[in-house]
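A short write-up of the structure that comes next.
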Amino acid sequence: QVQLVESGGGLVQAGGSLRVSCAASGITFSGLAMAWFRRPPGKEREFVAAISRGGSITSYADSVKGRFTISRDNAKNTASLQMNSLKLEDTAVYFCAASRSASGGQSRYGYEYWGQGTQVTIAS
């Protein structure tokens, strides 16, 4: 079956950087659009970034634009999110998501597969 496994979460100081990754298995990775969502403490899950199947099209939430970069390596079946200039409000559980459509969009309902999440905590 399809599995998405996130890694790379942790604790980092505000202003620092962190990279989270998602390893996919059980499906042809290049046929999936990928995205990252996050769930801040006490809040709903929200869109962070998305990337098309081939990697040529990306989109970002306004709150992370210019600080986060989504990427993918279809040869390694992985997607990553590079997070720079981290802020306290970036603290959240980060989820990897995959869609069988060419571009899953910014709604959580556009994604069929989800990872378990990885905790990212930003300290002051």
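The values are calculated or read from the model by the stated rules, or taken from the named source; none is laboratory data. Small disclaimer: the values here were computed from a predicted structure and weren't measured. So basically every Cβ, Gly included, is an ideal-geometry build from the backbone, and we count neighbours across all protein chains shown. The protein model used for the area step is the full one, side chains on, heavy atoms only, and it has no ligands, DNA or RNA in it. Shrake-Rupley method; radii C 1.70, N 1.55, O 1.52, S 1.80 Å.
Taking 0.36 nm per residue of separation and subtracting the current Cα-Cα distance, fully stretching the chain between Ser17 and Gln119 would add 35.3 nm.
Starting from the Cα of Gln3, step 7 Å toward the Cβ, then list every residue of segment 26-40 with an amide N under 18 Å from that point. From segment 26-40, the list is 26-30.
Accessible area ranking (1.4 Å probe, heavy atoms, ligands and nucleic acids excluded), largest first, for Leu18, Leu86: Leu18, Leu86. Over the chain, Cα pairs under 8 Å with separation of 6+ residues give a relative contact order of 36 percent. Gaussian network model of the chain, Cα springs within a sub-10 Å range: biggest mean-square fluctuation belongs to which of Thr58, Thr28, Thr91? Result for the chain, Cα springs under 10 Å: Thr28 fluctuates most.
Per atom type, segment 32-124 shows carbon and sulfur on 47% of its accessible surface, probed at 1.4 Å.
Per residue, the chain exposes 49 Å² of accessible surface when a 1.4 Å probe is rolled over the protein heavy atoms with every protein chain present.
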